[in-house]
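Report on the following structure.
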Amino acid sequence: MQTLVFNTTTKSAKLYIGDESSAILYIFDSVPTVKIIEGYYEVMQIDSTSVEDKRVPVARFPIANTNMLIKK
């Protein structure tokens, strides 16, 4: 089981191997939202290379294997 922690204040997401006391697998910055799409948590990130404020998916994690925590 892995844990995805989305912080709405810092607009960041971290994926841990187990719970929050485990090692971090991925860190995502500039994350305005995490969507739930067809059995996945989809991490959206702001594309800073474009002129417009585009949101692009950067990762998907299966809901069946992932606990998600939302923090303020």
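Throughout, read-outs are computed from the coordinates displayed, never taken from laboratory work. Since the model is a prediction, treat every value here as computed from it, not as a measurement. Please note: Cβ atoms are built from the backbone with ideal geometry, for glycine as well, and neighbour counts cover all protein chains shown.
Each Lys or Arg adds one and each Asp or Glu takes one away; over the other residues whose Cβ falls under 11 Å from the Cβ of T8, this sums to +3. The alpha carbon centroids of segment 1-20 and segment 50-72 are separated by 10 Å. In loop segments of the chain as defined by DSSP, the GluC sites (Glu not before Pro) with at most 16 further C-beta atoms inside 10 Å of their C-beta are E20, E38, E52. Annotation: the chain has a Kirkwood hydrodynamic radius of 12.4 angstrom, from the mean reciprocal C-alpha pair distance.
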